[in-house]
Amino acid sequence: MRYQAPTGVAYIDGADFGLLAELYVTQLPWGDTVVLRGVGRLIWLLAAQGNDVVETLAKIAGQPPADIAPEVGSFLTGLVDRGLLVEVQGSCPKYELPGDNSRVSALRDD
Amino acid sequence: MTELPPIPLILRTRLAHATLQAVADDCGADILHIKGAAIDASIGPPTEDPSADATMDRLGLPRLSADADVLVRPAHLREFLAALQRYGWQAMTRFDTGGGADHSSDLWHEELGWADVHRRFPGIRLNAVPAFDRLWIDHRVHPIAHRHCAVPSVDAQRLVLLLHAARNGQTRADDVRDCWTTATETERKRVRTLAKELGAEVPLASATGHLDEYADRPEYDLWRLYADDEASRFDVWRARIKAAQTAVDRRHAMLNPLRLKADTLALVLRRKPTTLELARFYVRRLLSNLFDAQSHASQRTRRRA
């Protein structure tokens, strides 16, 4: 399953401004905002970029994908239910975020 | 997800801009995001030796602003404000709160902080309707918090920052440097042309050190006083009256010191003031204005003597 950021959210990452690595996701147009830190932030960013989240996260963590799939899947479902991600059917072109090329390696340091 | 902590200002204002655009899109309002996060990265000094993974915002040295400023097409203003209220924004000041600040209204959102909704921009003497039309003609799209937001052209962004600098005196020297001193002659020429179209030559001249070339203009005194950190309220009041373009504006400027600015006090107190607090605030302001006027009269008498 692939995901992407819905059109109805705005998001901004503190790490892009030299601040704490905290991702703020705002639901539009109400302005309701959530903050994602640590693994939650990592999962959202990977998902929004169209990555296979379980595979990529497993590589980062050095664990078999099957070990983390249930929890990660549950978290992703929660994000979708809250309107913070949308599922994308079929293959999804990677969503290029600014500074995207080093995003994964930067996230490893979280 | 965890409970939302206070969002850092530099992030909060960007989320506010994105939200304002979403509200505008929802109600069909044309808005232009100005200042702060809306400024193109090309305006301002480049970051030296940026890191290889620097984001676009880091390369452009993100501007810090205390609120999200937008300029609204006059015909869409009422609908936009109504939509903002529907989506949780509280109007904390009215447009006619005065102090010369009748160009904008401050709104507050519990999570996203302040928004400053402008119906016109100080320094632009052209009527608000054609002024917005002119700024809209060559507007562009600028992503803020990953939301496409409508912003003025780069030339107009420079001009707006310079007008803001002229209004705020010596504290905005960095803006003058970024928007003018380091600009090319071609860029400056375009900004001057745009200023003329918008009736903003005098404040532009003030920001760029050429104000005396416009000494014959009715708004000259006002922009001279804005640049003077020690200008008295009484002198500014007289200059506003002189600069007023219509009889209505003149009357508004004359009566401004007498207006009960309940929302100004509410902003300070962060709550609705009591009747007693309002009365004290009003009396203090009147006495202060009176004292200021008397001081001015005394100074004139001493100069004549």
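The values are calculated or read from the model by the stated rules, or taken from the named source; none is laboratory data. Being a predicted model, the structure only gives us computed values, none of them experimental. Here the Cβ positions follow ideal geometry from the backbone for every residue, glycine too, while neighbour counts run over all protein chains shown. For the accessible areas, the whole protein counts, side chains as well, though only heavy atoms, and no ligand, DNA or RNA atoms are used. Shrake-Rupley method; radii C 1.70, N 1.55, O 1.52, S 1.80 Å.
Observations on the structure shown:
- B:GLU230-B:THR186 pseudo-label distance in nm [points 7 Å out on the Cα-to-Cβ vector]: 4.5
- Computed extension length for B:VAL248-B:PHE291: 12.8 nm, one decimal, from 0.36 nm per residue of separation with the Cα-Cα distance subtracted.
- GNM flexibility winner over chain B from B:PRO122, B:PRO257, B:PRO273 (Cα, springs under 10 Å): B:PRO273
- Heavy-atom accessible area per residue - the range B:69-215, 1.4 Å, Å²: 43
- Rounded accessible area of B:ILE137 (nearest 10 Å², 1.4 Å probe): 130
- Label point distance in nm, A:GLN89-B:ASP26, each placed 7 Å from Cα along Cα→Cβ: 2.8
- Computed with a 1.4 Å probe over protein heavy atoms only, the accessible area of B:SER105 comes to about 10 Å².
- Largest-first ordering by accessible area, 1.4 Å probe, given options B:PHE95, B:PHE80, A:PHE75: A:PHE75, B:PHE95, B:PHE80
- A loss of 50 Å² or more of accessible area (1.4 Å probe, protein heavy atoms, ligands and nucleic acids excluded) relative to the isolated chain is seen in these residues of the range B:5-44: B:LEU11, B:LEU15.
- The heavy atoms of B:GLU185 present about 110 square angstrom of accessible area, all protein chains included, probe 1.4 Å.
- Remark: spin-label model distance B:LEU269-B:ARG86 equals 3.2 nm, labels positioned 7 Å along the Cα→Cβ axis.
- Test item: Cα-centred dipole of the range B:162-239, Lys/Arg +1 and Asp/Glu -1 on Cβ, debye: 220
- Accessible area buried by the pairing of B and A, both sides summed with a 1.4 Å probe, works out to roughly 2600 Å².
- Placing B:GLU110, B:GLU79, B:GLU219 in order of accessible area, with the largest value first and a 1.4 Å probe, yields B:GLU110, B:GLU79, B:GLU219.
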